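Taken together, the values in this text are just the output of simple stated rules run on the coordinates, not laboratory data. Bear in mind that the values here come from a model prediction, so they are computed numbers and not experimental data. Using ideal geometry, Cβ is built from the backbone for each residue, glycine included, and neighbour counts are taken over all protein chains shown.
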Amino acid sequence: NKQIILKHYVEGYPKESDMEFKNSIIKLNVPEGSNVVVLKNLYLSCDPYMRSRMKNLEDSYVESFTPGYPITGCGVAKVLKSGDSNFQEGDLVWGMIGWEEYSIVTPIQSFLFKIHDKNVPLSYYTGILEYHFTWYLNYVTFISIHAPVGPRWMPGITAYVGFYEVCSPKKGETVFVSAASGAVGQLVGQFAKMLGCYVVGSAGTKQKVDMLKSKFGFDEAFNYKEEQDLDAALKRYFSDGIDIYFDNVGGKMFDAVLVNMKLHGRIAMCGMISQYNLKKTEGVHNLLCLIAKRICMKGFIVSDHFHLYPKYLEMIIPQIKGGNIVYVEDIAEGLENAPKALVGLFYGRNVGKQVVMVSRE
Ligand code: NDP
């Protein structure tokens, strides 16, 4: 069973060498009387929050990985054998799985759910979807029984909650999104356009900047790495200021945005990827703007808002099926390339939602 093991806790930027590609023996069977299922893993999700799990965390909303053991995360798999009557051989499922070829898991502990709608790419179940209603019902049951350790970072509902619930957007408002071409950002931009907002995104390469405008319909986009002065860049696109800032990066960009916010603007603090690998977070100098401009700034964690899942599904499913929402994925092929794909998030190498394909079927 090929596996990706975390060798040790990580300081600074993660490196591929912090992880190890290992081969071990696994018995692909269900012991008599056991309710485990044997999975063949197909797709793995790479997410920025996984960087936090590479630290020895105390008092965090996520759990640390265990050095010496496989990395775990959201993924899609096929059931090979099942000791649980809810799952049959051949079922496609998604949930928390190991970064390995095969996993043997207890469905409830791994937060395993059947994939019912196969008319979308399977990899979407690591990002924009799971969109069967039983998912939500199962989730509520699960959370009421167990500690809340299940998937909590799904980019689709993160974009939905952060934009519609936290930002209270209105038609015609001006919206700025950072890390705009990523798993969350690309959806925020499209939601804002659907509402009739003026939307600008920042990203770290020319290819991404072009994609923001040509593929996702952003009104404007810029490469923040080529800007000497972020304040000047923002003024170029928002001569009258920003109503809504959807922050995925924190740091210097956040600081520059504060000065460019409009009176009564709203800021959704979704993530601060520019800070995840630093020992000490960067100083932010313009917080006084929050008071002077009466800005409402709110941090959120998507798992607190899963009760909105049915509402999200109601909105997103017709948009996907009608082709009004597009979703760009960056699929790395082969489990051996998973460390590179994960590390790449922190260097901006992914173009769209980063997924690893372990096996096509
Ligand atoms: P992305 O798909 O956007 O991948 C990360 C991207 O971040 C990179 O491609 C890169 O793009 C950008 N980036 C990396 N390092 C830096 C840096 N130092 N400064 C600026 N940009 C950088 O990831 P997601 O869409 O999955 O996540 C986006 C954010 O949302 C993250 O901060 C994540 O932690 C957060 N998140 C929060 C959730 C919540 O519940 N609050 C749930 C899910 C995600 P570029 O080329 O543009 O630099």
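Quick rundown of the values:
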| quantity | calculated |
| --- | --- |
| Asp59-Gln275 pseudo-label distance in nm [points 7 Å out on the Cα-to-Cβ vector] | 1.6 nm |
| Convex hull per residue volume in Å³, alpha carbons only, for segment 155-300 | 103 Å³ |
| Relative contact order %, the chain, counting alpha carbon pairs below 8 Å whose residues are six or more apart | 18 percent |
| Reachable lysines from Lys27, criterion Cα separation under 17 angstrom, eight or more residues apart if same chain | Lys2, Lys40, Lys78, Lys81 |
| Reachable lysines from Lys280, criterion Cα separation under 22 angstrom, eight or more residues apart if same chain | Lys15, Lys55, Lys225, Lys252, Lys298 |
| Segment 246-299-segment 333-361 distance, computed between alpha-carbon centres (Å) | 29 Å |
| Footprinting exposure proxy for Met297, Met253 (fewest neighbouring C-beta atoms within 10 Å first) | Met297, Met253 |
| Per-residue Cβ neighbour rank within 10 angstrom, fewest leading, His285, His305 | His285, His305 |
| Additional length obtainable on full extension of the chain from Tyr347 to Arg294, 0.36 nm per residue less Cα span | 15.6 nm |
| Cα-based Rg and Dmax for the chain, where Dmax is the largest Cα-Cα distance (Å) | 20.6, 69 |
| Extension gain (nm, one decimal) between Ser239 and Val328, 0.36 nm per residue minus Cα-Cα | 29.0 nm |
| Difference of contour (0.36 nm per residue) and Cα-Cα distance, Glu20 to Lys215 | 66.6 nm |
| Virtual spin-label span in nm between Asn286 and Thr106, 7 Å along Cα→Cβ | 5.1 nm |
| Long-range Cα-Cα pairs in segment 1-55 (distance over 14 Å), rounded percent | 67 percent |
| Ranked list, fewest to most other Cβ atoms within 10 Å of each Cβ, for Leu234, Leu39 | Leu234, Leu39 |
